[in-house]
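Reviewing the structure listed below.
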Amino acid sequence: MIILTDSCPICNSKNIDINNIEYDLPKIGKSILYVFKCNDCNYKSSEIIPLTEKDPVRIEIKVDNKDKFKKIILRSPYAIINLKEIEMDIYPGIDSKFEIKAVDDFINSVKDKLEEIKILYHGEEYNKVIEKIKYLEEVLENKKELTIIIDDEKGYSTIYNY
Ligand SMILES: [Zn+2]
């Protein structure tokens, strides 16, 4: 999460700008948008810090037609995501941040991750990873359905229905 700093984590310069902007984000409520910028190396990062407590949520979306591809997933650093049809759970990493992604971009990012790790597997396990990759490709071609279930103990994750 946030590291309070007076210098750039990349180049150590102290020529930095930090902005904390208060925002009323749809469905999340009052939040601080923290924006860091280094004026020397141009490194930028930003974080969303919600200020309102929420109840745990479970959100489910069935991706069964192309209209659903453009829905926006906001995933909080507390969310565990289950992809039902391919029996896959995605846990947040230690440096997880809020992520905003369209459904198709999210599916593509999972597919890329699997492509990246498949080299670690062999035999039957390897075939299972390849099957998951194929399945996700077919979802993106609108030939298969995918159910995305998001469990968020802090309640910040959401799907925007634009
Ligand atoms: Zn820098």
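Bear in mind these aren't lab numbers, they're just calculated from the coordinates by the rules spelled out. Predicted model only: the values in this text are computed from it and were never measured. Here the Cβ positions follow ideal geometry from the backbone for every residue, glycine too, while neighbour counts run over all protein chains shown.
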Report summary line: Between the Cα axis of helix 103-117 and the main Cα principal axis of the chain, the angle (0 to 90°, nearest 10) is 80
Query - Label-point separation, L25 to Y160 (7 Å along Cα→Cβ), nm - result: 1.0
Query raised in the report: What pairs in K70/K144; K62/K118; K44/K70; K70/K118; K113/K134; K70/K143 have C-alpha atoms more than 22 Å from each other?
Result: K62/K118; K44/K70; K70/K118
Query raised in the report: By counting other Cβ atoms within 10 Å of each Cβ, how are L51, L114 ranked from fewest to most?
Result: L51, L114
Report task. Before anything else, pin down the relative contact order of the range 77-141: Cα pairs under 8 Å, at least 6 apart, normalised by residue count, whole percent. Result -> 27
Query raised in the report: Using the alpha-carbon atoms, what tilt in degrees (0 to 90, nearest 10) does helix 123-140 show relative to the longest principal axis of the chain?
Result: 80
Query raised in the report: What dipole magnitude, in Debye to the nearest 20, does the range 57-160 give about its Cα centre under +1 on Lys/Arg Cβ and -1 on Asp/Glu Cβ?
Result: 320
Requested in this report: Quote the relative contact order of the chain in percent (integer), defining contacts as alpha-carbon pairs under 8 Å separated by 6+ residues.
Outcome: 28
Report summary line: Taking max minus min of the Cα coordinates of the chain on each principal axis, largest first, gives extents in Å of 51, 35, 25
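Could you compute how fast the range 1-52 diffuses translationally, taking Rh as the Kirkwood radius over C-alpha pairs and applying Stokes-Einstein at 10 °C with viscosity 1.306 mPa s? Give it in µm² per second.
136
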Query raised in the report: Considering only Cα-Cα distances, which of the following residue pairs are longer than 21 Å: K66/K154; K101/K154; K71/K111; K14/K97; K30/K154?
Result: K66/K154; K14/K97
